[in-house]
Every structure is written in structure tokens, then in C-alpha cells.
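K.L.:
First the structure, then my questions, so here it is.
Just so it is clear, none of the values below were taken in a lab; they were calculated from the coordinates. All values reported here derive from a predicted model rather than from experimental measurement. Backbone-built Cβ (ideal geometry, glycine too); neighbour counts: all protein chains shown.
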């Protein structure tokens, strides 16, 4: 099966969670907009193509299936790519963890866009500072403590005791947070040893290491979801 | 199977999407916190119980499975309750639509809490007014136009041509938006005839009609996600 991934060019964004799964599994895929430009995405969003109508990218074409929403795409790909342990318990556990990762990603987005996704960061800077402070002090520790507990708890269990797309997504989350909030993440370091070890293990996987070195991995930047603004991550 | 639903007492919240599916299907379920108080939820969140660790309610216990995240719970329940058409295409379409409903629900929450979920609305009223304006003028039309297109597009197709949990969730979304933003929804009325018809059909389903009349249906209120504040929904 040749998968077709549709995501905006120029940023990692939510598409990166799908890309990491496809790359780790060595899947045959095309990153369609990077070949043909962003306008191919618009023709799907306008309903001019067959299959289900996506609200927004990323979406994936797999044969005649068109699947949108990061968590749903990974729920589909997980079993096909061998990126989730077998059985309903493990599959649903992976899905809810992925969904929780999607939730913190949305909160990361809103640290720089707390009022309007349609306006520039510079137009909502004062509110962004407030929301980012709450994120750093309350939400970030709450989410990362949770994922740390999941790994601690999961070690002795069947579900997620094996490598899965959730590991890849946690790697991407930690990478993005390190880029956007280096100071806050430095302060969190001692609290999340298992998450840190997991992120290092994922970075060392041969297909992931090769991908991260390739031109297919777009660097983090200030058009994406994980953005570094010093005002949103003060030194103390 | 007797399902156990865990959600905070006193509000409809995200738990209501699960409750509507269980009620519509006539499923055997217990709304655990309403019987035993909110502290039973805390014992799961603190990791004191068997099974997967939820980040937040709602979560569902089905035998030994513990499933969290609204979309994931419905992905599990859909096939068990006969609330999604058969086949991968329909199941994944339903999942991504449900996830998009969860996304707008999070945006509705952030209209009254744009800065901090941990602080009162009254402490972030100025920012709430700005975010709610963007929501009413940009996001609400974008999401509702999308769902209207889905129904228009879906009529002639297999996927979602039958009743599903997505219909129930769209009913809940429209009900909540009518409560929170009556003026904005009045202005949208002519644009969403199919969504309006769907919401009326769902309200007339015998099990749903009986549920809505019962004491199990908590009224909308200003502790929940859909809140009515006149400052956030001006008359014009």
C-alpha cells in the first residue's frame, strides 16, 4: 500500500505525528503537498475529491479511504504498520493516550494564539504571555507528570510495553516542548526521567535517526505549532 | 454488559456525549459518581485502580477495560451499541467527525476560559469577550458549515447514511450552542437547515426524548462547558 499524506508544506505541525509513524515503519508514502503544493489540500477541503471530507489537514489517503484527524489516522495506521500491540485493551489505551497528546498540542498552539488563530502572534502578545505562564506553571507539569506515570505504570503490563506510535508521538511532543520552552523544560528535567529516556530511545531508532538527519525533517520554526518566543519562556 | 460511566456530577460536560449514546441504545449503565460522589473519580485519576490511567473524565469501565477520552470511548461503544454503520470506512469517518466535534467543544470552553481553566471566568472576562467574538464570527460558521456539508454530502453515501453516535453528538453540540450563543445561532439558522433537521430528529427518538425529560438530564448551567454569558453573545 502506498499511503498519501496531506499536510501543509513548510511546517512540521500535526502532520509530523503521522510522518514519524510512516518513517519509523519504513512505509511507502508520498508527502503529497511537498510534491504538488498546498493547493492539492484545498481541493480536498472544498469537497472536490472522493471520500470523506476532512475539516483540516493532516489527512491520509489509503486506497479509497480518506482519514482525517491526527488521532484517527494513527488509530488506523497503528495496526497496519505494526505500531501498536495487539488486542482491544492496548489499541484503545494507545488511542486515548494519543488523544491526550493532541490535547496538549492544542494547548501549546494556544499559548501563542490565545485569542484568534486567524491573527498574528504579535496582535495577541499580552494575552499570550498570560496564557503561556499558566501553561508553563500548571498545564505542562500536569501533562508531563501524567505521561511519566503512564510509562512507570506501563512497564510491568502488556499494553504499551512494546514500541508503539504513542512512543513516537511522545518523542515529538518532548522535542517540540524543548524547542518552544527550553527554560521550562529544563526546570521539569528531574521530574520526567522515563519520558527523557523514551525520547532518546526513539531518536536512536535507525529509521528515525535517518529521518531526523534528512531534508524531509523540516526544522522547528515560528510558523508551526511549537514556536520559540523568549517572552513566553522566561529564564525563571 | 453493565457499563460504568465516570464523570463529574453537576454538569453535562463531555460526559454528556457518552450518556446520550448509552441512553439512545438503551444500554445498561451506572453513572458512578452520581451514585457514589466525585471522589471515586479521583481514585482512578490518582492511579489507585486497575486498568489504564485516565488523564481526565469522562472515562468508561467496560468489564476490565478502562477507556478515557470522549472520542475513544465512542469509538469503542459505537460498534457495541449498534451506533455506527459497519465497515472500516464508516467507523473511521465517524471517529474523525467525533474528533472534530471534540475540537469545537474545546474551543467553546475556551471562549469563557481563554487564559486559564484554573481561574474564574470573571478573572478573564476581557480576554473572553475577544475570544468569543472570534469564535462567533469565524470559528462557529466554519465548523457548522463543515458539519452541514457533511450531512449534505453523506445523504447519498453508505458512510453515516444511518443513525450513529455522530448524530447524537451533533444534537448535543447544537443544543449546547443554542444555550450558550442564542443570538449567534439565530443568525446562523438559515445556513444550517440539515443540522437543524438532524437535531430535531434526534430529540424525537423515543429513548432520547424520555432521557431529556428525566432527572438524569442535568440542565445546562454556568459550571459546564456550554455557558451563557450575555457579554459573550451580544444581540448584534
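K.L.:
Would you kindly work out, in nm and rounded to one decimal, the distances from the label point of residue A:36 to those of the same position in each other copy, ordered shortest first, with label points 7 Å along Cα-to-Cβ?
P.N.:
Ordered by distance, the counterparts are at 5.4 nm.
K.L.:
Quick check: convex hull over the Cα atoms of region B:11-80, volume per residue in Å³, rounded to an integer? Spell out each step's value before the answer.
P.N.:
Working: hull volume 6.3 nm³, N = 70.
Per residue, the Cα convex hull of region B:11-80 comes to 91 Å³.
K.L.:
Starting from the Cα of residue A:129, step 7 Å toward the Cβ, then list every residue of region A:211-236 with an amide N under 17 Å from that point.
P.N.:
Inside the label zone: A:229-236.
K.L.:
If Rh is defined by the Kirkwood formula over all Cα pairs and Rg also comes from Cα, what ratio Rg/Rh do you get for chain B?
P.N.:
Values: Rg = 17.7 Å, Rh = 18.5 Å.
Rg divided by Rh gives 0.96.
K.L.:
Give the nm distances, rounded to one decimal, from residue B:200 to the matching residue in every other copy, measuring between label points 7 Å along Cα toward the beta carbon; shortest first.
P.N.:
Inter-copy label distances (nm, one decimal, shortest first): 6.4.
K.L.:
Let me ask something else about it. Which order do the peptides B:142-149, A:210-217 take when ranked by the mean count of other beta-carbon atoms within 10 Å per residue, highest first? List each step's numbers first, then the result.
P.N.:
Numbers: B:142-149: 17.9, A:210-217: 12.0.
Ranking, from highest mean packing down: B:142-149, A:210-217.
K.L.:
Now, a different point. Got the relative contact order for region A:63-160 handy, in percent, Cα pairs under 8 Å and 6 or more residues apart?
P.N.:
On the way: 57 pairs, mean separation 25.0, N = 98.
Averaging sequence separation for qualifying contacts and normalising by length gives 25 percent for region A:63-160.
K.L.:
On average, how many beta carbons from a partner chain sit within 10 Å of the beta carbon of a residue in B:115-128? Mind showing how you got there, number by number?
P.N.:
Numbers: counts 12, 8, 4, 5, 3, 0, 0, 0, 0, 5, 0, 1, 7, 1.
Averaged over the peptide's residues, the number is 3.
K.L.:
Would you mind calculating the gained length between residue A:35 and residue A:121 on full extension (0.36 nm times residue separation, minus the Cα-Cα distance), in nm to one decimal?
P.N.:
Numbers: separation 86, 0.36 × 86 = 30.96 nm, distance 2.93 nm.
Length difference between fully extended and current span is 28.0 nm.
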